[in-house]
């Protein structure tokens with residue numbers, strides 16, 4: 001971690017179990033003012049008794065960059081390995097971690113547009129959810145279409161939070177389209193994988209002028225490289241970020 005981060009310890013104030021083998025950490029700064037960030041960015045986290053040594057991890061911020069919450073920040077972390085599967089569940093209120101950030105250009109404010117199509121898979125939902133939170137807080141009426149692919153409902157990180165966010169923003173233009181590849185019995189929504197056919201059902205005619213923000217693992221990114229040109233989307237209207245490790 002950069003030396004400046006060693007001076008920025010943070011305290012765990014909540015470690016919350018979420019859907020999809022996921023946890024949300026809420027942190028507050030210890031003897032410093034924290035940092036400002038744009039929704040969609042990430043930071044490096046180091047847990048353990050000391051800030052020195054290996055073991056820092058890049059994690060997307062799931063809190064809104066606009067929200068003033070006493071300097072707290074929030075990360076939503078999926079169990080993908082030793083650190084996220086063993087150390088993160090063991091963190092408890094009062095524990096100390098070290099955070100360095102923010103980093104990344106995957107941000108809503110860097111891609112102004114008349115509307116947005118968000119396409120997420122797996123843990124890639126985290127920065128897009130943060131962007132939606134920002135738009136709700138700004139009362140931003142530009143349309144947003146969120147397509148979120150997962151195996152089944154239980155694997156969908158932040159599903160309830162997304163539904164509650166949209167329900168709270170009834171005057172805004174937000175559409176949530178979950179797409180399940182192995183749906184549970186009784187599922188009435190879209191099935192299979194996110195593709196041009198599914199997207200064209202929901203996104204209106206002016207979709208070519210929207211900005212497309214894609215975040216997820218390699219199979220999703222590869223599929224979108226085929227689907228978006230089929231819809232006639234200009235490459236300059238697409239911003240993508242692979243989230244295999246985050």
Practice item. Considering (1) in contact with a strand residue (DSSP E or B) (Cβ under 6 Å, 6 or more places away or on another chain); (2) more than 30 Å from residue 48 (Cα to Cα); (3) in contact (Cβ under 8 Å) with a residue 24 or more places away in the chain, say which one residue 123 fails and leave the rest. Key: (2)
Review point. Which of the residues belonging to the range 199-246 are touching a strand residue (DSSP E or B) at 6+ places or on another chain (Cβ under 8 Å), modelled with pLDDT of 85 or more and part of a loop (DSSP other than H, G, I, E, B)?
Key: 203, 210, 217, 233
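So that you can scan it fast, the table gives a plain yes or no per residue for (1) surrounded by 20 or more Cβ atoms within 10 Å (Cβ to Cβ); (2) touching a residue at least 60 places away in the same chain (Cβ under 8 Å); (3) within 19 Å of the chain's Cα centre (by Cα):
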| residue | (1), (2), (3) |
| --- | --- |
| 175 | no, no, yes |
| 186 | no, no, no |
| 205 | no, no, no |
| 213 | yes, yes, yes |
| 219 | no, yes, yes |
| 223 | no, no, no |
Study note, to complete from the structure: Of 180, 158, the only residue that is surrounded by 19 or more Cβ atoms within 10 Å (Cβ to Cβ) and either modelled with pLDDT under 90 or closer than 21 Å to residue 64 by Cβ (or both) is 158
Check your understanding: For the range 134-148, does any single residue satisfy the condition of being within 18 Å of residue 18 (Cβ to Cβ), in contact with a helix residue (DSSP H, G or I) (Cβ under 8 Å, 6 or more places away or on another chain) and part of a strand (DSSP E or B)?
Key -> yes
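Yes/no per residue for (1) out of contact with any helix residue (DSSP H, G or I) (no Cβ under 6 Å at 6 or more places or on another chain); (2) at pLDDT below 85; (3) loosely packed, with under 13 Cβ neighbours inside 10 Å; (4) within 25 Å of residue 217 (Cβ to Cβ):
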residue	(1), (2), (3), (4)
68	yes, yes, yes, no
73	yes, no, no, yes
85	yes, no, no, yes
88	yes, no, no, yes
93	yes, no, yes, no
96	yes, no, no, no
102	yes, no, no, yes
105	yes, yes, yes, yes
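I'd like to check something: does the range 162-169 contain any residue that is within 25 Å of residue 52 (Cβ to Cβ) and at pLDDT below 90? Walk me through how you get there before you give the answer.
Of the range 162-169, the ones within 25 Å of residue 52 (Cβ to Cβ) are none.
Looking through the range 162-169, none of the residues is within 25 Å of residue 52 (Cβ to Cβ) and at pLDDT below 90.
Pick out the one residue from 125, 119, 162, 166 that is in a strand (DSSP E or B) and in the same structural domain as residue 217 (by TED's automatic domain parsing).
Numbers: 125 fails: in a strand (DSSP E or B); 162 fails: in a strand (DSSP E or B); 166 fails: in a strand (DSSP E or B).
Selected residue: 119, the only one of 125, 119, 162, 166 that is in a strand (DSSP E or B) and in the same structural domain as residue 217 (by TED's automatic domain parsing).
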Review point. Hey, does the range 85-94 have a residue that's out of contact with any strand residue (DSSP E or B) (no Cβ under 7 Å at 6 or more places or on another chain) and part of a loop (DSSP other than H, G, I, E, B)?
Key: no
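Quick one: in the range 188-198, of everything that is part of a loop (DSSP other than H, G, I, E, B) and surrounded by 14 or more Cβ atoms within 10 Å (Cβ to Cβ), which residue is nearest to the chain's Cα centre (by Cα)? Don't jump to the end; show me each part of the working.
As a first pass, look at the range 188-198 and keep what is part of a loop (DSSP other than H, G, I, E, B): 188-189, 192-195.
Subset that is surrounded by 14 or more Cβ atoms within 10 Å (Cβ to Cβ): 193-195.
Numbers: 193: 19, 194: 17, 195: 20 Å.
Among those that are part of a loop (DSSP other than H, G, I, E, B) and surrounded by 14 or more Cβ atoms within 10 Å (Cβ to Cβ), it is 194.
The values are calculated or read from the model by the stated rules, or taken from the named source; none is laboratory data. None of the values given here were measured: they were computed from a predicted structure. Note that each Cβ is placed from the backbone with ideal geometry, even for glycine, and that neighbours are counted across all protein chains shown.
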